[in-house]
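This report concerns only the one structure given below.
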Amino acid sequence: LAPFKLPAWYARVRFGVATLYSSADADGDLIDDYTDIMLAARRYIRSQPEYVSDYFAGGYPPEGQGVCADVIWRALKEAGYDLKAMLDQDVGAHPEAYPLANGLPDSNIDFRRVVNLRVFFERHCLELTTDADDVAAWQPGDFVIYDGHIAVISDRRNAQGQPYVIHHTGHGAFEEDALTTRRILAHFRWALNEE
């Protein structure tokens, strides 16, 4: 048997890419928000949650279960943000802006739907390039949206300088070289509380 070999990845310095750090630290842990988001996403997927796409009363799936959007709210929660409350408030104030299921707000699921996350991020975050070859534009803790899928950008990069993504798919939870395996629809940076 061949020994197990981890996939090769590279640090941003190999490509001369400076890491951006947030000026905010919402949870007061002395780690900036961007880094907090990325590290929390990494911790969550390393727990190898089971992929369970279901509707839960109260909105939150049980520990150890979830989908791609659960990586996002969990990472933001560890960074000091309540995405569910923020999205529910925005949907309540501007329901016409959101493609709501059945046309009605549903706090049990709205924050776990990628289409709603995209609208929320468009309204409140910094929208950036979708060009995967603009490697300096992709920073740890950013969010990338595909059709029906969302991921967090890692600080690890492939040989071309493109970042790895941290995400939960129907095939498992991974940090992997998969930025361009799906068509990129949008790219955002959490910009709340930035000075």
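The values are calculated or read from the model by the stated rules, or taken from the named source; none is laboratory data. Keep in mind that this is a model prediction, so the values were computed, not measured. Please note that ligands, DNA and RNA were not included when accessible areas were found on the heavy atoms of the full protein model with its side chains. Shrake-Rupley method; radii C 1.70, N 1.55, O 1.52, S 1.80 Å.
Computed extension gain for Arg183 through Ala101, at 0.36 nm per residue and net of the alpha carbon distance, reaches 27.1 nm.
Ranked from largest, the principal axis spans of the Cα set of the chain equal 50, 46, 34 Å.
The C-alpha atoms of the chain define a longest principal axis, and helix 114-124 lies at about 90 degrees to it.
What is the percent carbon and sulfur in the accessible area of the stretch 66-195, measuring with a 1.4 Å probe over the protein chains and ignoring ligands? Exposed carbon and sulfur together represent 46 percent of the surface. In the full protein context, the stretch 131-195 carries 38 Å² of accessible surface per residue, based on a 1.4 Å probe and ignoring ligands, DNA and RNA. Semi-axes of the equivalent ellipsoid for the stretch 93-195, computed as √(5λ) from the eigenvalues of its C-alpha gyration tensor and ordered from largest down, come to 26, 16, 11 Å.
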